[in-house]
Amino acid sequence: MSTLHQIVEYQFHNRKPSKKQVMGCIDNAIKGDGKAVSVSWGENCLEVIWHDRQLQWYGYGWIKNIGGDDIAQELNRKQKTSTTQFMAEHFKLLNIGA
C-alpha cells in the first residue's frame, strides 16, 4: 500500500474474519483517526485508504467474499452528510466542476 497516511494493520491468524469483524477493525481505526487500514488473513488482504484530494475512500483486495472496494463504497455513503450535500449543491449553482 502506498499512502502518505500511517497504516493501521489488523491480522487474523486462525479463522476467516466475518464482514462484521472486518468492519469493526476499520471503524476502530477510523475512530482513532486512521486514514489507511489494512486487514489480512493469511495470504488474503484488503485495504481501504482515504484520499485527501478526492475526499473519499478507496478500497483494494479481498478476503474471501469481502471486498475492499465494497467497504470503501459503504464508508463513502456514510461520509455523505448535510454539509457535503450543501457544498455539492452550492458548487452546482456556481457551475464549478461541471
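Here's how it looks for residue 41: its modeled amide H is under 5 Å from those of 12, which are all 5 or more places away or on a different chain. Full extension of the chain segment joining residue 7 with residue 54 gains 15.0 nm, where the gain is 0.36 nm per residue of separation less the Cα-Cα distance. With K and R counted +1 and D and E -1, the other residues having a Cβ less than 15 Å from that of residue 48 yield a net charge of -3.
Per-residue 3J(HN,Hα) values for the stretch 10-19, derived from phi via the Karplus relation 6.51 cos²θ - 1.76 cosθ + 1.60 with θ = phi - 60°, read 10, 10, 10, 9, 9, 8, 5, x, 7, 4 Hz in sequence order (x marks Gly and Pro). Peptides 14-24, 56-66 ranked from most to least packed give 56-66, 14-24, packing being the mean of other C-beta atoms within 10 angstrom over each peptide's residues. Converting phi to 3J(HN,Hα) with the Karplus coefficients 6.51, -1.76 and 1.60 and the offset θ = phi - 60°, the stretch 33-44 yields 6, x, 10, 9, 10, 10, 10, 10, 9, x, 7, 8 Hz in sequence order, with x at every glycine or proline.
Read-outs: derived from the displayed coordinates by stated rules, not from any lab. Note that the structure is a prediction, hence the values are computed from the model and not measured. Cβ coordinates were reconstructed from backbone atoms using ideal geometry, including for glycine residues, and neighbour counts include every protein chain displayed.
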